[in-house]
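These notes concern the structure reproduced below.
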Amino acid sequence: MPKIEETCEVTINGKVFRDWDSVTATASSNPVVRMVTLSVTEKVGANGSVGQALQIKPGDSATVKLAGVLFASGHIHERQVAYDANNHSVRVTFASQVLKAVRQSIPLKDGEFKNYSFQAIANKVLAPVGVVLKASNPPAGWDKAFKYVNIEPGETIFNLLSRLSKYRGVWLRDDKNGNLVAQGNADKKPTAEFVEGRNILSASCLAQNAPDTTISVTGQQRGSDNSTPAQNRGAYYGKADAKGSNYNIDKQIQADIPADSDDLKQAAGYSQLLSLSQQVIVRIVYQGWLLSTGNLPEVFDYTSIDSPMLMLKTSDLQIAEVTFTQDQAGTRTTLIAQKWLTSPVDVQNTPTEQTDAQKATSTPVTPTPPTTDGPKGQEVIF
């Protein structure tokens, strides 16, 4: 009987499957779907019968535990079988429930949302696939309503929520219960400590010279009788700056929804964080699956790393991906941690400089009553 600390349990329809030949389980910030690949080879019995592993089929609801701790909830996504006269080999892939949101498109009949919050939009589009949106430490104002949101033809549930998330300052991930999580800033207290010579089997580090970057996001508003086309174009603006010692990068981004200054400020900051998150990338491999706390490492958790060989001693790296493996080489965990900035150095919402043509047509238009003539009730409009 293997130790519980080294056991992967898959529960399907009340049956527990374990004793796999190999296990690979991954949670990541991109892609956000937790995946588990399991393989087993079984000897054919005297009467030609095979074991329970071959009873697993695609679509079965399932949960996966690693070292007795729930890792993921979802379904069997894929099943491969091979056999000869003596053996039956089975390879199954499990996917988090969130995969359905990543794959399924939104019907165009539900193609417009007016004055819906991010949570309300998520509730509407996620309901058909049985996924729930949970918020984890979201920023202030994240529940502010969007004035107008239109669905693009063929757009998936996840793609919609992903493009809206940047205007609300949240990152999307899944959790162990199969929920989609809108993640704000994580707790900066490290959940794990790795020290060279103590609990690191192997490690590598890529450090890059940070560029001096500026990201500008320009948006527009819907036209009305009280505005000119020039006023509608470039009506709002957001900018994020991060100082570096290397080359300069200036990015210009056009908002894809009607947005105000606060929305574009969030979008600029989000894009800036995305571009700067890979200043430092560290790969750590340690023995076993559990941390010293008895928990599994989670995406976006902070970690402490002390490695003179890497010239690295820091507690400000966050987990971007974690992979749990088990095979003939043993039971191991590989972490990829990155430097995620909690906020850009400078975020502004100063209006963009208008062109001469825009200035010439930027006088507000105030509707006036039409000119009429004729007897009351029979007026003619000129």
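A short reminder: the numbers here are calculations on the coordinates, not readings from a lab. Remember, it's a predicted structure, so these values are computed and weren't measured experimentally. Please note: Cβ atoms are built from the backbone with ideal geometry, for glycine as well, and neighbour counts cover all protein chains shown.
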Notebook entry, point to check: So how far apart, in nm, are the two label points at residue 252 and residue 5 if each is 7 Å from Cα heading toward Cβ?
Noted result: 5.8
Item checked: Net charge over other residues, Cβ less than 15 angstrom from the Cβ of residue 103 (K, R count +1; D, E count -1) -> -1
Next item on the list: Work out the length of the dipole vector of the range 1-156 about its Cα centre, built from +1 on the beta-carbon of each Lys and Arg and -1 on the beta-carbon of each Asp and Glu, and round it to the nearest 20 debye.
Entry: 420
Notebook entry, point to check: Applying the Karplus parametrisation 6.51 cos²θ - 1.76 cosθ + 1.60 with θ = phi - 60° to the phi angles of the range 330-337, what ³J(HN,Hα) value in whole Hz is obtained for each residue in order, glycine and proline being reported as x?
Noted result: x, 10, 9, 10, 10, 10, 10, 10
Next item on the list: Mind checking which of 76, 92, 102 is farthest towards the positive end of the range 47-194's charge dipole, using Cβ charges of +1 (Lys, Arg) and -1 (Asp, Glu) about the Cα centre?
Entry: 102
Next item on the list: Could you quote the convex hull projected area for the range 109-200, Cα atoms only and averaged over all directions, in nm²?
Entry: 7.9
Item checked: Entries of 100/166; 114/251; 166/188 with Cα pairs more than 28 Å apart -> 114/251
Notebook entry, point to check: Using a basic spin-label model with each label point 7 Å from the Cα along Cα→Cβ, how many nm lie between residue 18 and residue 86?
Noted result: 2.9
Checklist line | Amide H partners (placed H, <5 Å) of residue 301, local residues excluded | finding: 319
Checklist line | Listed peptides 173-182, 314-323 by packing density, highest first (mean Cβ within 10 Å) | finding: 173-182, 314-323
Notebook entry, point to check: Can you give the charge dipole size of the range 70-194 about its Cα centre, rounded to the nearest 20 debye, using +1 on the beta carbon of Lys and Arg and -1 on the beta carbon of Asp and Glu?
Noted result: 360
Next item on the list: May I ask you to list the residues of the range 293-333 whose amide nitrogen lies under 13 Å from a point 7 Å from Cα along the Cα→beta-carbon direction of residue 287?
Entry: 330-333
